[in-house]
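The values are calculated or read from the model by the stated rules, or taken from the named source; none is laboratory data. These numbers were taken from a predicted model, which means no experiment stands behind them. Quick reminder, even Gly has a Cβ in these numbers, built from the backbone with ideal geometry, and neighbours come from all protein chains shown. Accessible surface areas use protein heavy atoms only, side chains included; no ligands, DNA or RNA. Shrake-Rupley method; radii C 1.70, N 1.55, O 1.52, S 1.80 Å.
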Amino acid sequence: MDVVVAGQGYVGLPLAVRAAEVGHRVVGYDVDLHRIKRLTAGESYVEDVTSSRLRAVLDSGAYCATADAAALAGFDIAAITVPTPLRDGVPDLTYIESCARTLGEHLRPGATVVLESTTYPGTTEELLLPILEQTSGLKGGVDFLAGFSPERIAPGNKRWSFEGTPKLVSGIDATSLHTIKGFYDGIFQTTIPVSGTRVAEMAKLIENVFRFVNISLVNEMATLTAPLGVNIWEAIDAAATKPFGFTRFTPGPGVGGHCLPVDPLFLSWKVQQELGVPFRFVELANDVNRHMPDYVVRRLAEALDKRNMPINGSRILLLGLTYKINATDLRESPSARVAELLINLGAEVRGADPNIPEGDDPKLNVPLVHASAEEIAASDAVVLLMDHARFDLAMIEKNAPYVLDCRNRLSGPNVEVL
């Protein structure tokens with residue numbers, strides 16, 4: 001089939017490349033000209049797609065990247081994988097709206113449009129469908145097909161590959177569901193149909209709310225167990241020996257990335273708008289997670305105070321700036337807030353992250369350095385925010401005068417865990 005994947009980010013590029021590999025003719029559409037230039041040159045910026053895989057589908061002619069909307073004409077199926085951020089606590093669906101209008105201009109009878117972007121229940125039928133109909137002059141479920149199939153990307157996950165992760169699929173009617181399932185059956189090992197788009201939209205939010213709330217639970221417990229003289233990490237390990245009724249979550253300096261700090265609040269906003277009541281679990285979880293960087297800084301200040309060293313003027317090295325282990329993504333990472341708080345207190349802050357590509361400008365508010373033995377030894381305190389595999393943990397233990405370990409990976413008399 002002629003396939004369009006609108007949005008060539010961490011969700012869209014893996015889908016586009018995989019669709020090309022299984023035999024479709026794929027147009028990767030993105031309005032970011034810098035991305036298109038890199039893709040056309042065979043350079044992948046998404047960790048789950050190697051540049052060699054990208055070049056292979058480019059060379060075969062099965063895939064092309066473009067910012068020219070005219071290239072979308074004649075598609076059989078289009079997947080929308082654009083961002084859905086929050087703006088002042090309100091879902092911003094302008095990327096979906098703009099993409100729907102662009103696709104609607106090229107929509108023809110018999111074609112299919114699938115939304116993959118995470119959003120609140122009702123978006124497919126209440127927002128996407130009317131725009132497609134208005135722009136194209138066609139009728140959904142009569143002239144064209146549509147549905148929702150939430151992305152389940154887990155960057156860097158070695159256990160669950162892109163195609164090995166079960167894929168939820170839904171449609172606005174039975175024919176849409178049949179067609180959408182058929183398309184994804186050729187890309188994923190397992191597809192799971194559900195009764196409608198609202199169910200699929202809600203399922204995605206449930207997945208992320210579950211993680212968000214449980215992470216906030218152990219984060220708050222971490223702030224309470226230390227004063228009680230209990231090692232939260234050992235207690236969690238002990239609880240995890242129960243073979244049923246328990247899922248292991250661990251604390252950290254906060255949550256980040258494209259999903260957890262954003263997606264649960266979509267549901268909270270929708271519930272407030274439609275029902276006029278708060279989603280108290282999500283709001284409380286958001287409050288806890290948002291203040292974890294404050295707790296990290298408070299613990300660090302207490303530790304330095306015991307060593308007769310004020311934060312003001314201290315040299316602090318932050319290790320691991322991305323939001324997730326072994327990832328390159330800095331979006332919504334709590335490291336930025338930790339750094340901001342320390343700088344406001346007068347600390348001399350540096351950051352080290354081997355996963356940020358050389359030459360990239362991550363637009364951080366701290367200078368980037370290498371996590372060398374000399375840099376670590378010259379610091380008054382080291383904060384391990386993310387335990388990337390490329391860090392030499394033994395070297396850090398040996399050379400750091402003091403470490404606040406937010407990941408429970410280090411040991412020794414100079415180490416305290418969060």
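General observations
- Relative to the compact-globule estimate of 2.2 N^0.38 Å, the Cα radius of gyration of the stretch 175-276 comes out at 1.46.
- Computed with every protein chain present, the accessible area of LEU345 is close to 90 Å² [probe 1.4 Å].
- Calculated FRET value between ARG298 and GLN273, using beta carbons and R₀ = 30 Å, to 0.05: 0.25
- For the chain, the equivalent ellipsoid derived from the Cα gyration tensor has semi-axes of 42, 24, 19 Å, listed largest first.
- Extension gain, ASP92 to ARG55, is 10.0 nm, computed as 0.36 nm per intervening residue step minus the present C-alpha separation.
- Stretch gain in nm, segment THR247-GLN189, where the contour uses 0.36 nm per residue and the Cα spacing is subtracted: 18.3 nm
- Along each principal axis, Cα extent of the stretch 191-349, largest first, Å: 62, 36, 34
- Considering only beta bridges that DSSP places wholly inside the chain, some 5 percent are antiparallel.
- log10 of Debye I(q)/I(0), alpha-carbon scatterers only, for the stretch 99-236 at 0.19 Å⁻¹: -1.06
- Shape metrics for the stretch 13-149, restricted to C-alpha atoms - Rg then Dmax, Å: 15.3, 44
- Directionally averaged projected area (convex hull, Cα atoms, the stretch 277-418), nm²: 9.2 nm²
- Relative contact order of the stretch 206-282, defined on C-alpha pairs under 8 angstrom at six or more residues apart (%): 37 percent
- For the stretch 40-66 and the stretch 203-272, distance of Cα centres in Å: 36 Å
- Potential lengthening between ALA203 and ARG315 on full extension [0.36 nm per residue; Cα-Cα distance subtracted]: 35.8 nm
- Note on PHE75: accessible area is roughly 0 Å² with a 1.4 Å probe, heavy atoms of protein only.
- Largest to smallest accessible area among TRP269, TRP233 [probe 1.4 Å]: TRP269, TRP233
- Put simply, the amide H of PHE148, placed in the peptide plane, has neighbours under 5 Å in LEU115, SER170, GLY171, leaving out anything fewer than 5 places away on its chain.
- Within the stretch 1-108, percent of DSSP bridges classed antiparallel, to nearest 5: 15 percent
- Listed residues MET1, MET292 arranged by accessible area, highest first, probe 1.4 Å: MET1, MET292
- Helix runs (DSSP H) in the chain reaching 24 Å along axis by Cα, Kyte-Doolittle at least 0.5: 197-225
- If R0 is 45 Å, the Cβ-Cβ spacing of SER161 and ASP305 corresponds to a FRET efficiency of close to 0.45.
- With helices as the sole contributors, the chain gives -11500 deg cm²/dmol at 222 nm; each DSSP H run of n ≥ 4 counts as -39500 (n - 2.57), and the sum is divided by every residue.
- Near the amide H of ASN326, within less than 5 Å, lie the amide hydrogens of HIS388, ALA389, all on another chain or at least 5 residues away, with H placed in the peptide plane.
- Taking every alpha-carbon pair under 8 Å whose residues sit at least 6 apart, the chain reaches a relative contact order of 10 percent.
- The largest accessible area among ASP88, ASP305, ASP30 belongs to the first residue in ASP88, ASP305, ASP30, and the rest follow in falling order (1.4 Å probe, all chains).
- Rolled with a 1.4 Å probe across the full set of protein chains, the surface gives VAL277 an accessible area near 70 Å².
- Note on SER411 and LEU284: their simple-model spin labels are 3.6 nm apart, each label 7 Å out from Cα toward Cβ.
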